[in-house]
1. Answer with yes or no whether residue 104 is touching a helix residue (DSSP H, G or I) at 6+ places or on another chain (Cβ under 6 Å) and surrounded by 24 or more Cβ atoms within 10 Å (Cβ to Cβ).
2. What pairs can you find where one residue is in the stretch 108-126 and more than 14 Å from residue 149 (Cβ to Cβ) and in contact (Cβ under 8 Å) with a residue 12 or more places away in the chain, the other is more than 16 Å from the ligand (Cβ to nearest atom) and assigned to a loop (DSSP other than H, G, I, E, B), and their Cβ atoms are less than 8 Å apart, with a gap of 6+ or different chains?
3. For the stretch 140-182, which positions are closer than 21 Å to residue 55 by Cα and part of a strand (DSSP E or B)?
4. Every residue in the stretch 41-55 that is more than 10 Å from the ligand (Cβ to nearest atom) and free of Cβ contacts under 8 Å to residues at least 60 places away in the same chain, please.
5. Which residue is surrounded by the fewest Cβ atoms within 10 Å (Cβ to Cβ), if the candidates are limited to the stretch 127-139 and must be within 11 Å of the ligand (Cβ to nearest atom) and in a helix (DSSP H, G or I)?
6. Quickly run through the stretch 83-121 and pick out the residues that are under 23 Å from residue 64 (Cα atoms) and in a loop (DSSP other than H, G, I, E, B).
7. Determine which single condition residue 83 fails, assuming it passes every other condition in (1) touching a residue at least 24 places away in the same chain (Cβ under 8 Å); (2) touching a strand residue (DSSP E or B) at 6+ places or on another chain (Cβ under 7 Å); (3) more than 14 Å from the ligand (Cβ to nearest atom).
8. Test residue 124 against the criterion of being modelled with pLDDT of 95 or more, touching a helix residue (DSSP H, G or I) at 6+ places or on another chain (Cβ under 8 Å) and in a strand (DSSP E or B), and give yes or no.
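The values are calculated or read from the model by the stated rules, or taken from the named source; none is laboratory data. A quick note: this is a predicted structure, and the numbers were derived from the prediction, not measured. Here the Cβ positions follow ideal geometry from the backbone for every residue, glycine too, while neighbour counts run over all protein chains shown.
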Ligand SMILES: Cc1cc2nc3c(=O)[nH]c(=O)nc-3n(C[C@H](O)[C@H](O)[C@H](O)COP(=O)(O)O)c2cc1C
């Protein structure tokens with residue numbers, strides 16, 4: 001349990017919004033995960049973050065970010081510097097993917113839920129099968145058993161038969177499967193617009209206020225029909 005979730009007597013006590021667990025896997029789209037972390041930390045949410053053991057390869061390939069020494073301290077420092085959130089470092093706790101004794105491994109550590117962004121097909125399959133073979137899949141398993149929100153920003157294309165089968169299994173358990181597929185109805189001008197659209201949809205699921213994307217409020221044709 002987070003230190004500030006405990007009173008001096010060790011009794012659970014809530015201070016502001018509960019933390020959100022974020023998993024970042026080795027799927028393409030690392031920018032989604034780190035943009036989400038930046039948004040939450042900048043907006044004073046507490047984030048418990050786990051990078052899968054494959055995520056640093058994608059960080060290097062897609063973000064040019066060399067996590068180098070992958071200890072939690074080194075990762076926290078390099079990620080906070082990269083995201084320019086050093087002044088909010090205390091909001092972010094990074095856990096090693098092998099640390100299944102981390103707080104987020106237990107249902108007694110209360111959270112708002114978990115977001116895996118991006119989520120590889122490998123991690124998605126492991127969660128569907130309940131393997132709990134690393135901290136991301138264990139924390140996801142806990143999130144499901146506690147009936148908290150679990151959102152998987154799934155990234156692969158095209159899909160083989162195994163992928164939608166695992167998605168169906170998880171959806172039936174209550175997980176929210178969101179393909180990392182931005183829309184175009186908000187008239188995007190930049191890649192950042194598309195990233196913000198996807199992150200905005202993720203935040204909407206957790207009912208976190210954001211103005212990341214232009215919402216569809218009905219076309220003028222519809223309005224005319226109503227009059
Ligand atoms: C640059 C790069 C991009 C990748 N993109 C994807 C992807 O979009 N989806 C996917 O399922 N796997 C992708 N992979 C493969 C995964 O990293 C690999 O399956 C890994 O075992 C996933 O493990 P993890 O879920 O524990 O991170 C990619 C690998 C690399 C190096």
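1. yes
2. 108/1; 109/1; 109/2
3. Within the stretch 140-182, 150, 151, 152, 153, 154, 177, 178, 179 meet the criteria.
4. Answer for the stretch 41-55, where residues must be more than 10 Å from the ligand (Cβ to nearest atom) and free of Cβ contacts under 8 Å to residues at least 60 places away in the same chain: 41, 42, 44, 46, 47, 49.
5. This residue is 135.
6. Those that are under 23 Å from residue 64 (Cα atoms) and in a loop (DSSP other than H, G, I, E, B): 84, 85, 96, 97, 120.
7. Result: residue 83 fails condition (2) only.
8. Against the criterion (modelled with pLDDT of 95 or more, touching a helix residue (DSSP H, G or I) at 6+ places or on another chain (Cβ under 8 Å) and in a strand (DSSP E or B)), residue 124 does not qualify.
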